[in-house]
There are 2 protein chains.
Amino acid sequence: MNDKPPAPERPTIRQVADAAGVSLGTVSRVLNTHKSVRPETRARVKEAIRSLGYEPDSVAQSLRSRTTRTIGCIIRDITIPTLASFVKGAQDELQAANYALMVANSESRKDRELELLSLFARRRADGLILSLSSEEDQEIVEAVKSFHLPVVLLDREIPRSADSITINHAEGMQHAVEYLLSLGHRRIALITGKADLHPGRQRILGYHRAHEARGMAVDPDLLRSGSFLAEYGFRETSALLSSSDPPTAIISGGMDMLSGVLRAVRTHHARIPEDVSIVACSDCELAQFVTPAISVIYWDWAMVGRFTARILLDRLQGAASPEVRALRLSTELIVRSSCGPPPASSQTVRHSVTEAGP
Amino acid sequence: MNDKPPAPERPTIRQVADAAGVSLGTVSRVLNTHKSVRPETRARVKEAIRSLGYEPDSVAQSLRSRTTRTIGCIIRDITIPTLASFVKGAQDELQAANYALMVANSESRKDRELELLSLFARRRADGLILSLSSEEDQEIVEAVKSFHLPVVLLDREIPRSADSITINHAEGMQHAVEYLLSLGHRRIALITGKADLHPGRQRILGYHRAHEARGMAVDPDLLRSGSFLAEYGFRETSALLSSSDPPTAIISGGMDMLSGVLRAVRTHHARIPEDVSIVACSDCELAQFVTPAISVIYWDWAMVGRFTARILLDRLQGAASPEVRALRLSTELIVRSSCGPPPASSQTVRHSVTEAGP
DNA sequence: TTGTACGCGTTATCAA
DNA sequence: TTGATAACGCGTACAA
């Protein structure tokens with residue numbers, strides 16, 4: 001019966017059936033716990049499974065079930081510590097539900113994103129977690145919409161087209177600016193990404209709100225909105241610090257921008273917080289262990305990951321309402337030692353500039 | 001012929017064939033560039049493919065080809081920045097060769113590792129990158145050996161059973177210790193993992209070699225070999241600093257241990273490098289941006305990732321010799337500001353202790 | 001050069 | 001309760 005000389009390969013359900021002296025259908029029923037199997041045969045089949053070390057081939061299962069139990073995830077760069085935390089959180093949750101996560105780095109490049117999107121399509125991912133470089137680019141938005149799969153956008157919003165989980169950057173930024181204002185700062189710089197992406201847009205919003213709440217005008221020169229990269233943080237911090245009327249506080253408005261900002265501060269031999277106060281967006285080892293420790297707008301990235309996975313799993317298990325879900329997570333201001341009152345010398349300068357505002 | 005009412009799904013090769021008015025075999029030949037296709041029909045098929053937006057289903061391909069173009073990777077924790085760099089490097093290389101990488105965190109737990117190993121088996125990974133928690137545990141070693149797949153061990157060695165890429169920690173450590181000795185230090189502590197794992201074992205070896213080369217005995221109390229975790233670094237650093245005869249230099253012998261060591265140093269209000277010199281193993285943002293910047297034993301993790309992928313790809317493409325390959329990467333000592341001469345007060349103490357050695 | 005038919009390992013339907 | 005059989009989508013001998 002079992003005449004297969006060159007078969008050192010993995011056993012199939014067929015071989016288990018032969019070994020147990022039953023049909024392949026019966027083995028399948030045992031595996032999937034269909035009750036209609038006599039206990040006696042069930043035991044015999046289980047024994048055969050054990051002795052052969054049989055494990056179902058998930059590729060074949062996928063072909064049949066039209067489901068891969070695989071989630072695709074496109075992020076900027078897994079090397080960014082906060083994103084790694086996110087990935088881990090999502091992965092833990094997904095793995096517990098027997099799903100695998102496949103992560104890919106886009107480097108924020110549109111071509112890579114489109115490529116990866118089609119990669120995940122070919123690989124028949126069951127769902128997608130996306131943190132794309134644009135919320136508006138038609139090609140990308142169309143590509144996302146064309147997926148008839150559960151998609152969760154991470155810190156992005158494409159209204160009415162996909163579930164999303166976002167951070168309340170506006171609120172967090174407003175609190176941070178209010179805090180700096182309360183310390184006496186009147187020239188607070190914000191360096192962040194462009195307003196065409198949720199995080200940049202919301203941070204700018206919060207920045208404005210905090211000023212408005214005090215009836216203060218915003219000096220547009222203090223608002224640097226171009227990129228989230230550390231390199232941009234370095235460049236703009238350098239420019240700000242060497243300007244004729246430098247800020248007394250700088251907010252590093254990107255999750256991995258802080259190193260660039262700190263590098264510039266050191267290059268300019270500015271002391272923190274004596275010469276300039278610093279606040280960063282999202283916590284990291286660097287912010288905690290640098291001296292002085294940097295105050296941050298905090299949220300739990302791993303939890304965001306778990307939530308994201310939950311949303312996805314709910315959709316996949318049909319346990320979700322048909323409407324688009326949009327979760328928004330609050331932030332918390334963690335005060336450390338990087339903020340103090342503005343240097344006394346800036347007091348006079350301050351006024352002349354507030355007047356020079358728009 | 002094409003009576004499939006509810007078919008808003010992805011087109012199959014079948015539908016492409018119908019659309020082009022050829023048989024399904026011909027479409028397959030076009031897709032796989034089998035030359036024996038008349039240019040005219042080839043064009044017609046390509047047009048059909050384009051207009052239907054057809055993409056081959058890689059699940060079905062996998063079932064046929066018995067290959068998934070997927071590599072499994074088990075590491076301790078993707079959250080460790082250095083490992084994230086490794087993963088990224090490997091991923092870049094693999095993606096270029098049209099392979100996908102599936103990463104899973106083991107938290108160094110044996111049960112998780114076995115579980116993940118069997119997960120990757122079920123999912124029919126084509127190859128594995130493993131950085132396991134043990135090189136000796138029989139159950140694990142057997143599980144690894146039982147895979148008839150290309151496997152590359154990351155910074156681990158199981159002789160004669162799988163390719164491996166390791167870091168020359170012994171050499172790196174020896175240089176680091178020699179450097180500290182040359183600064184005048186005579187009581188240099190090393191905190192690292194157990195000797196049952198390559199990195200710990202090799203670091204301890206290098207530590208001993210550097211002492212031997214100077215004819216110096218090693219005070220066993222200065223060698224703390226228990227774990228690579230930051231928490232262990234914190235504990236042992238605390239213990240060392242509050243001992244009656246503290247070290248004048250401490251080597252943080254784990255890729256993500258530094259934060260723990262630094263935390264302990266600060267808790268004890270010790271100044272770096274005035275009171276204690278510090279060297280870390282493997283570079284990271286933290287080491288670079290903390291003040292003073294920490295000297296490190298450096299190697300390029302992303303390159304290790306790319307090499308690892310290369311080894312794997314060579315095997316998968318049959319372009320590798322049958323013998324087991326064992327690549328070993330050199331390290332480089334990056335001197336920053338965390339090391340200086342030992343404090344003068346330690347001079348007298350030093351001698352009494354060298355004599356008290358084993 | 002092109003079409004047909006089979007098999008990859010499952011699950012599910014339908015008879016027995 | 002169980003066994004035979006038809007898909008799932010693709011690649012490939014083999015036949016035409």
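Brief remarks follow.
- Hey, B:Glu55 within 11 Å of chain A (Cβ to nearest Cβ), under 24 Å from A:Ala60 (Cα atoms) and not polar (S, T, N, Q) or not: yes
- Whichever residue in the stretch B:273-302 is of a type in the set (S, T, N, Q) and either under 25 Å from B:Leu154 (Cα atoms) or under 22 Å from the mean Cα position of the chain (by Cα) (or both) and, among such residues, is farthest from the other protein chains (Cβ to nearest Cβ): B:Ser295
- Residue list for the stretch B:200-247, restricted to those being part of a helix (DSSP H, G or I), in contact with a strand residue (DSSP E or B) (Cβ under 7 Å, 6 or more places away or on another chain) and in contact (Cβ under 8 Å) with a residue 60 or more places away in the chain: B:Arg203
- If you go through the stretch A:15-49 and keep only what is within 14 Å of another protein chain (Cβ to nearest Cβ) and either more than 8 Å from DNA strand C (Cβ to nearest atom) or farther than 30 Å from A:Arg124 by Cα (or both), you end up with just A:Ile49.
- Given (1) within 16 Å of DNA strand D (Cβ to nearest atom); (2) touching a residue at least 12 places away in the same chain (Cβ under 8 Å), index of the condition B:Val37 fails: (2)
- Here A:Ala20, A:Ala100 are screened, and the one residue that is within 14 Å of DNA strand D (Cβ to nearest atom), buried (at least 21 other Cβ atoms within 10 Å of the Cβ) and outside the structural domain of A:Gly193 (by TED's automatic domain parsing) is A:Ala20.
- Where strands (runs of 3 or more DSSP E) fall wholly inside the stretch A:67-174, the ranges with 3 or more residues that are without any contact (Cβ under 8 Å) to a residue 60 or more places away in the chain and within 12 Å of another protein chain (Cβ to nearest Cβ) are A:70-75, A:100-105.
The values are calculated or read from the model by the stated rules, or taken from the named source; none is laboratory data. The model shown is predicted, which means the values in this text are computed figures rather than measured ones. Using ideal geometry, Cβ is built from the backbone for each residue, glycine included, and neighbour counts are taken over all protein chains shown.
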